[in-house]
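Below: one structure, written as structure tokens.
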Amino acid sequence: MDTLKVALGDRAYPIYIGQGTLCRFDLLRLHIAQPSVAVVTNTTLAPRYLPSLTAMLRAEGVEVAEIVLPDGEEYKDWKTLNAVFDSLLERGCERGTTLIALGGGVIGDITGFAAACYLRGAPFIQIPTTLLAQVDSSVGGKTAINHPRGKNMIGAFYQPKAVFIDTDALGTLPEREFRAGMAEVIKYGLIRDLPFLEWLEENLERLLARDTDALQHAIRRSCANKAEVVVSDERELGDRALLNLGHTFGHAIEAGLGYGTWLHGEAVAAGTMMAAELSRELGNIDSQDVARIEKLLGRTGLPVRGPRLAPERYLELMRHDKKVRDGKLRLVLLERVGKATVTDRASDQQIVKAIDMRSENA
Ligand code: NAD
Ligand code: GLY
């Protein structure tokens with residue numbers, strides 16, 4: 001097992017990564033203030049992972065409330081959040097009760113936000129079960145629910161007490177979800193870790209076959225990158241925005257097609273190609289670099305072209321991005337392969353050209 005640290009002073013916390021971390025009560029107990037927890041999960045994961053976790057906790061004398069939510073991004077909303085508060089209040093959960101998020105990014109984000117608000121702040125622990133959640137969303141304290149006008153619009157920065165990454169949980173993850181999570185893994189190589197990108201190019205098949213050692217390495221390296229960025233800029237005033245390579249284009253794809261049509265990682269992959277094309281257009285990288293990125297994403301089975309939306313529609317959707325400042329689009333682009341930058345240097349015409357080159361109707 002590997003242990004990383006998110007070094008945020010008095011809010012510092014460990015990330016445990018390994019096989020079977022889900023059963024490590026010796027570690028879990030270190031992060032539970034009172035012997036009382038509320039495990040929040042969904043209807044897909046509850047039958048698979050809840051019984052063993054709750055049996056272990058109860059055997060150790062911990063009082064456990066189980067909160068099982070419906071599965072899906074469409075439930076990351078006020079109604080479901082309120083249902084979590086109802087359950088916590090009905091069961092008399094106190095401020096010292098630790099909320100445990102057992103699931104993917106949806107469960108992690110909603111549970112984290114519930115913890116940030118419940119009795120003005122209850123402790124919480126992340127047990128991420130998708131690749132995306134293990135390499136990205138469970139680390140860094142971004143918590144949120146969606147608003148009809150936009151994704152993740154209502155939320156808080158609220159750090160967990162610990163993150164338990166059990167690589168065994170990936171054994172039941174559907175193939176499409178696994179590959180979508182890979183978009184975020186590849187992102188770390190592109191934005192700040194060239195040696196990791198090279199490792200991914202060499203070890204992709206092992207990783208896609210979910211080889212235990214390859215998974216351990218890729219998750220550790222992704223979390224180490226994420227933790228460093230978060231520590232340097234917890235509230236996204238600067239460099240944390242670099243974690244959004246391909247995301248502004250990607251969010252436009254998700255919203256333009258209707259959420260759920262493409263998975264987040266799939267939209268990010270096509271968005272990354274648009275960002276790469278634009279970086280080339282601005283003279284930062286060359287066509288061989290673009291082809292290199294396309295090859296890796298393509299080998300992963302991810303889309304390297306966006307859907308057929310009018311470029312103007314892309315621009316309109318992209319203007320809802322949280323990075324927009326004074327009405328101007330700020331995009332994460334590549335300075336070179338292995339280093340990203342945030343810039344407002346691209347003109348609408350250049351953005352449209354990159355989108356055009358990287359969408360189905362190109
Ligand atoms: P998800 O949580 O919807 O999980 C995807 C699907 O996989 C679900 O049906 C889930 O039930 C199922 N699943 C989860 N683990 C499984 C397992 N081990 N075996 C079988 N099935 C399993 O999706 P996701 O991709 O994990 O997360 C997406 C969410 O994360 C979005 O809401 C996004 O906004 C958010 N996000 C947050 C951050 C952040 O920093 N907080 C970063 C990136 C994404
Ligand atoms: N997933 C982007 C971030 O955590 O900042």
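Ranked for footprinting exposure by Cβ neighbours inside 10 Å, fewest first, VAL231, VAL332 give VAL231, VAL332. In terms of the mean number of neighbouring beta-carbon atoms within 10 Å, the peptides 171-183, 154-166 order highest first as 154-166, 171-183. Taking amide H as placed 1.01 Å from N in the peptide plane, ILE125 has its amide H under 5 Å from the amide H of LEU99, ILE100, ALA101, LYS161, each at least 5 places away in sequence or on another chain.
About its Cα centre, the dipole of the chain is roughly 500 debye, where the only charges are +1 on Lys and Arg Cβ and -1 on Asp and Glu Cβ. Dipole check for region 220-261: with +1 at the C-beta of Lys and Arg, -1 at the C-beta of Asp and Glu, and the Cα centre as origin, the magnitude is about 200 Debye.
Ordering 297-304, 339-346 by mean Cβ neighbour count within 10 Å, with the highest value first, yields 297-304, 339-346. How large is the helix-only mean residue ellipticity at 222 nm for the chain, computed as the sum of -39500 (n - 2.57) over DSSP H runs with n ≥ 4, divided by its residue count, in deg cm²/dmol to the nearest 500? Computed mean residue ellipticity for the chain: -14000 deg cm²/dmol.
Only beta bridges with both residues in the chain are counted; by DSSP, about 40 percent of them are antiparallel.
Averaging the Cα positions of each part gives two centres, and for region 261-288 and region 315-334 these lie 15 Å apart. Sorted on the mean count of surrounding Cβ atoms within 10 Å across their residues, most packed first, peptides 13-24, 193-204 read 13-24, 193-204.
Taking a ≥ b ≥ c as the square roots of the eigenvalues of the Cα gyration tensor, region 253-308 is oblate, since a/c reaches 1.5 or more and a/b is not larger than b/c.
Read-outs throughout are calculated quantities, based only on the coordinates presented, and are distinct from any laboratory measurement. A quick note: this is a predicted structure, and the numbers were derived from the prediction, not measured. Counting neighbours? That spans all protein chains shown, and the Cβs are built from the backbone with ideal geometry, glycine included.
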